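Participant: A single structure is presented below for examination.
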Amino acid sequence: MPDFAKLDRAHVWHPFTQMRDWLRSKPIVIQSAKGAVLRDVNGREYLDANSSIWTNLHGHNHPKLNAAITQQLRKVAHTSALGLANEPASALASRLVRAANPQPAIRNRQFTKVFFSDDGSTAMEVALKLAYEFTRRTGRSRKPKFLSLSGAYHGDTVGAVSLGHIGLFHKSWSSLLFKSDSVMSPCCYRCPFNRAKPERADARDYRQCNWECIGKVEQKFAGQRKRGNPYAAMVVEPLIQGAAGMVPQPAGWLRRVAQIVRADGAQLVADEVMTGFGRTGCGIPAIGRRRSAIQFACQHEGVQPDFLAVAKGLTGGYLPMAATLTTQAVFDAFLGEYSEFKAFFHGHSYTGNQLGASAALANLDLLESRASIEARQTLECTLRDELRSLWSLPQVGDVRQVGLIAGIELVRDWRTREAFDLRERAGIRVCEAMAKRGVLTRPIGNVIVLMPPYCTTPAQAACMVEALRVAVRETLGVRR
């Protein structure tokens, strides 16, 4: 058998990775997987504690997803969406529209159209281009501008990067980008307006403030209107910002921001690449929604955006596929005679791919099943119970959970909230120690992410948290 680790180090360039460090060590080479368990070429098993970078929903090698892809493969793997339609993509577009729309309908806020692409970055690129041109064609602005949150990350294509505000990721490309504005992220744990002293609880639960973060959003919109060029759109990850460090929003923040956006006449772009498809919890549907499990984060607060970008979990973590949902009003702005050249001149070779669409349809079937809903509810509660044990560690500053997403922020001492210098690699070292105990995840700076597949058992979830607890003690010098 070839030495795949050697081949990898010789030829593969990994994303978001300092390759000098990578070349100094022997990588784990995954060979197979089942459920929440990954197996390497040496036969060692690991728990997949971040759902293979936030994509896998129902576990690996799921029989229903396997069957859907196999059945479609017997027909056709891919045909072009340029000039042709296909069955799975058409059915999927209809299902996505139904899942994302409120019931009863909100006038002029219904999703009616779906544009398929390849991944989260391209889904956001589509939303950006459509929002930009819609703003120009409707006469709102000749030079549309966008507002997003500090710490925002919306992908790695040039347009998506332009919406981002993480210096480590985006500074290098600054001369390639268009300028977008940012407004403070509602990060209760490190908010300068939060007057509460540190406690051993999620900072959202004991914060003391006057919603200054909402005031900052109002000021941004008022200032841009005063300059005579109102914002085209505000772009948000609803309920929780991922790459910012799993930063959750306090209850009601999203709803209040949506009201500001609507009052201004701007568009709201929801980046649900990470948060979509039940990841933020089943929840109780907001007033006006049918009594079924919530699929998207926006629905927890009854917010209906103008654009909804989804990817990652769309196919259950099987195949790269993304979608951007939007309204009839946006679609109509691109209609015209051929000679007017008003079409949306944007596309992807694998748009509406049949294998991806078939997997996505099976994924939606699973998500809507009673068994899946109950399993997710159980896992969310189990995680919440297990995560409480981490408060005993002085190096755990904040434990924040939104549904089936958890971020554990590591600090020098919880009483001061002093952060580790990123050069110390505190998060990376903790994750390396977890891997030695058979649990795989990846940090965001000093924040350890736990985002298990929905099939994860209570015992497996407990093992993930215990591996983290022991790794923090061992790596950061905590002795108890």
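The values are calculated or read from the model by the stated rules, or taken from the named source; none is laboratory data. No experiment lies behind these values; they were computed from the predicted model shown. Note that we place each Cβ from the backbone using ideal geometry, even for glycine, and neighbour counts take in every protein chain shown.
Participant: For segment 208-216, state whether one or more residues are part of a loop (DSSP other than H, G, I, E, B), more than 27 Å from Leu335 (Cα to Cα) and not polar (S, T, N, Q).
Facilitator: Yes, some residue in segment 208-216 is part of a loop (DSSP other than H, G, I, E, B), more than 27 Å from Leu335 (Cα to Cα) and not polar (S, T, N, Q).
Participant: Okay, next question. Quick one: Phe221 ticks every box in (1) surrounded by fewer than 24 Cβ atoms within 10 Å (Cβ to Cβ); (2) part of a loop (DSSP other than H, G, I, E, B); (3) in contact (Cβ under 8 Å) with a residue 60 or more places away in the chain except a single one, so which number is it?
Facilitator: (2)
Participant: So in segment 53-79, with the set limited to residues that are among the hydrophobic types (A, V, I, L, M, F, W, C) and in a loop (DSSP other than H, G, I, E, B), which one is farthest from the chain's Cα centre (by Cα)? Working first, answer last.
Facilitator: Narrowing segment 53-79 to residues among the hydrophobic types (A, V, I, L, M, F, W, C): 53-54, 57, 65, 67-69, 73, 76-77.
Filter again for in a loop (DSSP other than H, G, I, E, B), leaving 57, 76-77.
Details: Leu57: 13, Val76: 30, Ala77: 27 Å.
Among those residues, the one meeting the criterion is Val76.
Participant: Would you confirm whether any residue within segment 121-143 is crowded, with 20+ Cβ neighbours inside 10 Å, over 19 Å from Pro305 (Cβ atoms) and in contact with a strand residue (DSSP E or B) (Cβ under 7 Å, 6 or more places away or on another chain)?
Facilitator: Looking through segment 121-143, none of the residues is crowded, with 20+ Cβ neighbours inside 10 Å, over 19 Å from Pro305 (Cβ atoms) and in contact with a strand residue (DSSP E or B) (Cβ under 7 Å, 6 or more places away or on another chain).
Participant: Here's another thing I want to ask about it. Sort through Gln377, Gln354 and tell me the only one that's over 28 Å from Ser117 (Cα atoms), in contact (Cβ under 8 Å) with a residue 12 or more places away in the chain and not aliphatic (A, V, I, L, M).
Facilitator: Just one listed residue meets the conditions, Gln377.
Participant: Of the residues Ala222, Ala196, Ala233, which single one is at pLDDT 95 or above, out of contact with any helix residue (DSSP H, G or I) (no Cβ under 8 Å at 6 or more places or on another chain) and hydrophobic (A, V, I, L, M, F, W, C)?
Facilitator: Ala222
Participant: Further question on the same structure: Output the residue which, of all residues in segment 1-46 that are of a type in the set (A, V, I, L, M, F, W, C) and in contact with a Leu (Cβ under 7 Å, 6 or more places away or on another chain), is surrounded by the most Cβ atoms within 10 Å (Cβ to Cβ).
Facilitator: Here the residue is Ala36.
Participant: Of (1) in contact (Cβ under 8 Å) with a residue 40 or more places away in the chain; (2) assigned to a helix (DSSP H, G or I); (3) closer than 30 Å to Pro458 by Cβ, Gly317 satisfies all except one. Which?
Facilitator: (2) is the only condition that Gly317 fails.
Participant: Just one of Ile428, Ile408 is in contact with a strand residue (DSSP E or B) (Cβ under 7 Å, 6 or more places away or on another chain), among the aliphatic types (A, V, I, L, M) and without any contact (Cβ under 8 Å) to a residue 24 or more places away in the chain; which is it?
Facilitator: Ile428
Participant: From Ala67, Ala49, Ala91, grab the single residue that is more than 18 Å from Pro320 (Cβ to Cβ) and surrounded by fewer than 14 Cβ atoms within 10 Å (Cβ to Cβ).
Facilitator: Values: Ala49 fails: surrounded by fewer than 14 Cβ atoms within 10 Å (Cβ to Cβ); Ala91 fails: surrounded by fewer than 14 Cβ atoms within 10 Å (Cβ to Cβ).
Every option except Ala67 fails the conditions.
Participant: Counting only residues that are part of a loop (DSSP other than H, G, I, E, B) and in contact with a strand residue (DSSP E or B) (Cβ under 9 Å, 6 or more places away or on another chain), how many does segment 230-288 have? Explain how you work it out, then say what you get.
Facilitator: Initially, segment 230-288 is screened for residues part of a loop (DSSP other than H, G, I, E, B), giving 230-232, 237-239, 242-246, 249-252, 265-266, 272-288.
Then keep just the ones that are in contact with a strand residue (DSSP E or B) (Cβ under 9 Å, 6 or more places away or on another chain); that gives 231-232, 237-239, 242-246, 249, 266, 272-277, 279-281.
Qualifying residue count, segment 230-288: 21.
Participant: Just checking, how many residues over segment 328-367 are surrounded by 15 or more Cβ atoms within 10 Å (Cβ to Cβ) and either under 26 Å from Cys455 (Cβ atoms) or hydroxyl-bearing (Ser, Thr, Tyr) (or both)?
Facilitator: 16
Participant: Output yes when any residue across segment 327-339 is under 28 Å from Ser51 (Cα atoms), in contact (Cβ under 8 Å) with a residue 60 or more places away in the chain, of a type in the set (Ser, Thr, Tyr) and assigned by TED's automatic domain parsing to the domain that holds Ile260, and no when none is.
Facilitator: Checked segment 327-339: no residue is under 28 Å from Ser51 (Cα atoms), in contact (Cβ under 8 Å) with a residue 60 or more places away in the chain, of a type in the set (Ser, Thr, Tyr) and assigned by TED's automatic domain parsing to the domain that holds Ile260.
Participant: In a helix (DSSP H, G or I) and either of a type outside the set (D, E, K, R) or outside the structural domain of Thr17 (by TED's automatic domain parsing) (or both), is that true of Asp156?
Facilitator: Taking the combined requirement at face value, the residue does not satisfy it.
Participant: Taking the conditions exactly as written (assigned by TED's automatic domain parsing to the domain that holds Asp156 and more than 24 Å from the chain's Cα centre (by Cα)), does Leu82 satisfy them or not?
Facilitator: In short, yes.
Participant: Considering only segment 402-429, state which residues are among the hydrophobic types (A, V, I, L, M, F, W, C) and either in contact with an Asp or Glu (Cβ under 7 Å, 6 or more places away or on another chain) or over 26 Å from Pro238 (Cα atoms) (or both).
Facilitator: Within segment 402-429, Leu404, Val411, Trp414, Phe420, Leu422, Ala426, Ile428 meet the criteria.
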